[in-house]
Amino acid sequence: MDNAQDRPVFEARNLYKSYGGLRATDDLSIQLEVGKIHALIGPNGAGKTTALSQLSGELRPDGGQVWFDGQDITRFSMPKRARMGVARSFQITAIFDDFTVAENVAVAVQSRTRHHFSFWRAVTRDVQINKRTAALLDQVGLAGFASRRAADLAHGQKRQLEIAMALALDPKVLLLDEPMAGMGPTESNQLAELLERLKPDFAILLVEHDMNIVFRLADVISVLVNGAMIASGSVDQIRENEDVQKAYLAEGY
Amino acid sequence: MLLFLEQLLNGLQFGVTLLLMASGLTLIFGIMNLINLAHGSLFMVGAYVGATAIAHGSGFFLGLLAGVGAAAITGMVMEFVIMRRLYRRDHLDQVLATFGLILFFNEMVSIVWGRQPIAMDPPAFLSGTVEFIPGAPYPAFRLAVIATGILVTGFLYFLVMKTRIGMWIRAGASNREMIGALGVNISLLYTLLFGFGAALAGLAGVMAAPFSAVQSGMGENILILTFVVIVIGGIGSIRGAVAGALLIGLTDTLGRVYIPDLMRLWLPPSVADGAGASLASMMIYILMAVVLAFRPRGLFQTHG
Amino acid sequence: MVKNISRKSWSTITIFVVLALVPPVAHAFDNSFLITMFNRAVIYAVAAVGLDLIIGFGGMVSFGHAAFFGIGAYTAGILGTHAFDGSDFIFGWTGSNDAFVVWPLAMLVAAFFGLIIGLISLRTSGVYFIMITLAFAQLFYFFFVSLSQYGGEDGLSLWDRNAIPGLDLYDRNTFYYLCCAILLAVWFLLSRLVGSRFGRVIIGCKQNERRMRALGYDPLLYKLTAFCISAAIGGLAGALIANHSEFVSPGLLHWSRSGELMVIVILGGLGTLVGPIYGALALFLMEESLVSFTEHWQVILGPVLILVVVFFRGGIVGFLSGAGKATVKSGGDHG
């Protein structure tokens, strides 16, 4: 047994996934450590979301392994991984439209508490859940909107709500699929500040398009093109990498 | 062996009837995302109008045409008045509204034709038998039904996969707004398409009429079997509909003949006949459960 | 879902008061048929409230609920037959006539078959689920049609109503109020349930199953549980209808019965639990009044249903709570 603290808390080893003849994920390996933000970038169609889905357990890779906390979780389903502490957010906002903002977070908080087969006690009066929900809403800056219907939130607020729901799982790992998608500069900036505050306590994988945000937040950047990782390194290394520049120039960035 | 061949053909003939129903239903579902319980009512309308016209001396082909036409017109009116308000609704609303249509049609039919079933004879020129398998004369009308079914399905496949109309239809399914922008009148296209599906149901109705009593409620028996066909085959897939229809047609027909015989091998005849008959009537549903247990989205599952 | 709580509880109180007043009013008009008719409606309401749990809250559009209704009814019918003639039912047990044995058993048997049907059909969704539940109900329909030792197509008479010590279930009023009490209990239990942790999970599954999985829930488990609860309530209603008509037949499992139950739910108001009670009363009253006009009353009922679906969303309860169409669009104004 090696020294445990050298090890990343979450690790993908040589993931493969193909659809028909198309390689969607090609020998992808990635390590996430607590206290670091690992950004995954790449042109459109590079397979970022496909990769993230394999990390979160929604897709089963054709080959390779996923490890979490010293355990091989390759065969674990998405719900099981979520319960263990691997939380994800979605590229396209996925919240419960008919629930209030508080209810959205509460149903996520409840997931940590187990007792789902309680049929009698009113969940709205559950002090334990309500306290934690309020704290989370406060943390992401939605405290004033608790009783608003989720569908009626502004776009940026919905994205914040998604983060709150992921945090409610008390995860060690956060897999964030373009959390800034569709946000204006102010909103992006707020969310970036939030991620900076969260950073010390989580291992974060950030799939993101906005290069300014990536360069500002990331400790490590990996570049995905056609499902394969063409480069991985610090911000400065990636900035100067010729392959990366080529891949992005070809895409017109 | 000869009996087996004959039953095989009977199963095929039943399968073809189911196929005509299933292709219309699955087309309408696949393209308009509409579940239409009243598809069975169109089958019934076809059977009633066809049988009545023939009974009044229209001759078979005119009667067939009347039945198919009546179903098509009923279908188009149905689409124009009600269905187009339901395309964007959820399936629950569609089920309920078309359930209302079933009540209406079943009652309407018994107002017009009374509660007694009416009968229809196969046309004289097809009333004989054909001995195309030596030693096993087979009713010509049943053969004609099989042939018609195969031809119509082939035509349908050609229409959807190879023609410009088919392209519009498939494009309309994936992107309603875009195809509308190309200057194709989607509303009209849908009405016609619905009428086409209805015509297929009407055709199935006229062709099935000589084998079964034409009566109020006849559409729902076949509708539910059609659902089983679609569920087994996979929604929205013509290939799936073909496979499902044949599977159900054969299973049902052969099951009714052979399951009681098989049961006699283990059980005393009196018990075997009863148990066999009941097992046979449940057979297709059991088959469905088994298929779904292994392939929840049917044999020919389409994506999404 | 949390909107108009006070108005909704008013509509609940009102309907139960109305139900309670039926026998005295019927006696005043010397029309005991009224009690029989309302009793039927109350029993159908029990099943429909159970159905609302899975359709309205769980988003599972079951088109085969008559199967559970019929299974419950046949449980009562078959056990009653053996209890009556003293013949063997199974393992030397000669059935039972005791409501405290028969009714829970009817629920248990229905829940068991709900488990099997649910396991297969809940792996699908949408239109598939609708068609599959319908087909399964048909399977049970044909099963009972061919069950010749229990009457087959002709059905089975229940020679004695089930017995509860201290109550005379043959007394019209007693049986009626008992059914009302059961309806109240079912309504109350389910109202608690949809507000509980479990309830929130199934409502979440209805809205966004994928999100629920990302939050660590296995939707199938919760949906299956809800489906079985709903099946059990259907079974209980079946046992009651067997006692009410003292007769069971495959007709109870006919597909149109499943449609009727769905109509009751929608007509009254989907996802309200009290709505189906209104729905049942409305449907049966409509039927009775139409029948007095014409034997072809369905020719009117059909179009009425279509109009309700197309123009009258939210059902009776949605209308009563003054929301109607508007609830769908702007539910957040109370925030």
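The values are calculated or read from the model by the stated rules, or taken from the named source; none is laboratory data. Owing to the predicted nature of the structure, the values given are computational and were not obtained by experimental measurement. Virtual Cβ from ideal backbone geometry, glycine too; neighbours counted across all protein chains shown. Note: accessible area is taken over every heavy atom of the protein model, side chains too, but ligands, DNA and RNA are not part of it. Shrake-Rupley method; radii C 1.70, N 1.55, O 1.52, S 1.80 Å.
Please count how many residues of region B:79-103 are buried (at least 19 other Cβ atoms within 10 Å of the Cβ) and either out of contact with any helix residue (DSSP H, G or I) (no Cβ under 8 Å at 6 or more places or on another chain) or touching a residue at least 60 places away in the same chain (Cβ under 8 Å) (or both).
8
If I filter region A:16-41 down to residues being of a type in the set (Lys, Arg) and part of a strand (DSSP E or B), which single residue comes out as most open to solvent (accessible area, probe 1.4 Å)?
The extreme case among them is A:Arg23.
Being touching a helix residue (DSSP H, G or I) at 6+ places or on another chain (Cβ under 7 Å), closer than 12 Å to A:His38 by Cα and outside any helix (DSSP H, G or I) is the filter here; which residues of region A:206-220 pass it?
The answer is A:Leu206, A:Val207, A:Glu208, A:Ala218.
Any residue in region C:201-208 that is modelled with pLDDT under 90 and buried (at least 18 other Cβ atoms within 10 Å of the Cβ)?
no
Of all residues in region A:93-110, which are at the interface with chain C (Cβ under 7 Å from one of its Cβ atoms), farther than 10 Å from C:Arg200 by Cβ and part of a helix (DSSP H, G or I)?
Listed by number, the list holds a single entry, A:Ala108.
Which one of C:Arg123, C:Arg172 is of a type outside the set (Val, Ile, Thr), in contact (Cβ under 8 Å) with a residue 24 or more places away in the chain and farther than 26 Å from C:Cys228 by Cβ?
C:Arg172
Got a number for residues in region C:309-335 being at pLDDT 70 or above and within 16 Å of C:Gly271 (Cβ to Cβ)?
Going through region C:309-335 one residue at a time, the tally reaches 11.
Does region B:197-241 hold any residues that are among the hydroxyl-bearing types (Ser, Thr, Tyr) and either part of a helix (DSSP H, G or I) or open to solvent by less than 10 Å² (accessible area, probe 1.4 Å) (or both), and which are they?
B:Thr226
Tell me the residue from B:Arg239, B:Arg256 that is basic (Lys, Arg), within 19 Å of B:Leu18 (Cα to Cα), at pLDDT 85 or above and touching a helix residue (DSSP H, G or I) at 6+ places or on another chain (Cβ under 8 Å), please.
Of the residues listed, the single one that is basic (Lys, Arg), within 19 Å of B:Leu18 (Cα to Cα), at pLDDT 85 or above and touching a helix residue (DSSP H, G or I) at 6+ places or on another chain (Cβ under 8 Å) is B:Arg256.
Across region B:247-304, what is the total count of residues that are of a type in the set (D, E, K, R) and touching a residue at least 24 places away in the same chain (Cβ under 8 Å)?
Matching residues across region B:247-304 total 3.
Go through region B:71-114 and give me each residue that's farther than 24 Å from B:Leu189 by Cα, assigned to a helix (DSSP H, G or I) and away from chain C (no Cβ under 11 Å).
Within region B:71-114, B:Trp113 is the sole residue that qualifies.
Every residue, every condition in (1) in contact with a His (Cβ under 7 Å, 6 or more places away or on another chain); (2) aromatic (Phe, Trp, Tyr); (3) open to solvent by less than 40 Å² (accessible area, probe 1.4 Å), yes or no:
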position: C:Thr12; (1), (2), (3): no, no, yes
position: C:Val25; (1), (2), (3): no, no, no
position: C:Leu53; (1), (2), (3): no, no, yes
position: C:Gly56; (1), (2), (3): no, no, yes
position: C:Phe63; (1), (2), (3): no, yes, yes
position: C:Phe69; (1), (2), (3): no, yes, yes
position: C:Gly72; (1), (2), (3): no, no, yes
position: C:Thr81; (1), (2), (3): no, no, yes
position: C:Val101; (1), (2), (3): no, no, no
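Against the conditions (1) more than 8 Å from chain C (Cβ to nearest Cβ); (2) part of a helix (DSSP H, G or I); (3) over 26 Å from C:Leu189 (Cα atoms); (4) within 17 Å of the chain's Cα centre (by Cα), where does A:Gly144 fall short? Just the number, please.
If we test A:Gly144 against (1) more than 8 Å from chain C (Cβ to nearest Cβ); (2) part of a helix (DSSP H, G or I); (3) over 26 Å from C:Leu189 (Cα atoms); (4) within 17 Å of the chain's Cα centre (by Cα), just (4) comes out false.
Among what's in region A:113-136 and is surrounded by 18 or more Cβ atoms within 10 Å (Cβ to Cβ) and more than 7 Å from chain C (Cβ to nearest Cβ), pick the residue that is farthest from the chain's Cα centre (by Cα).
So the residue we want is A:Asp126.
For every residue, the table says whether it meets (1) within 30 Å of C:Ala20 (Cα to Cα); (2) within 14 Å of chain B (Cβ to nearest Cβ); (3) surrounded by fewer than 19 Cβ atoms within 10 Å (Cβ to Cβ).
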site: C:Val127; (1), (2), (3): no, yes, no
site: C:Phe140; (1), (2), (3): no, yes, no
site: C:Phe143; (1), (2), (3): no, yes, no
site: C:Gly155; (1), (2), (3): no, no, no
site: C:Leu158; (1), (2), (3): yes, no, no
site: C:Leu167; (1), (2), (3): yes, no, yes
site: C:Tyr222; (1), (2), (3): no, no, no
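Going by the structure shown, is A:Gln157 open to solvent by 60 Å² or more (accessible area, probe 1.4 Å) and outside the structural domain of A:Ala39 (by TED's automatic domain parsing)?
So A:Gln157 fails the test.
List every residue pair whose Cβ atoms lie under 6 Å apart, where the two residues are 6 or more positions apart in sequence or sit on different chains, the first residue falls within region A:225-253 and is over 24 Å from A:Tyr16 (Cα atoms), and the second residue, located anywhere, is modelled with pLDDT of 85 or more and surrounded by fewer than 16 Cβ atoms within 10 Å (Cβ to Cβ).
Between residues of region A:225-253 that are over 24 Å from A:Tyr16 (Cα atoms) and residues that are modelled with pLDDT of 85 or more and surrounded by fewer than 16 Cβ atoms within 10 Å (Cβ to Cβ), the close pairs are A:Val235/A:Phe215.
Given A:Glu58, A:Glu33, which one is touching a Pro at 6+ places or on another chain (Cβ under 7 Å) and among the acidic types (Asp, Glu)?
A:Glu33
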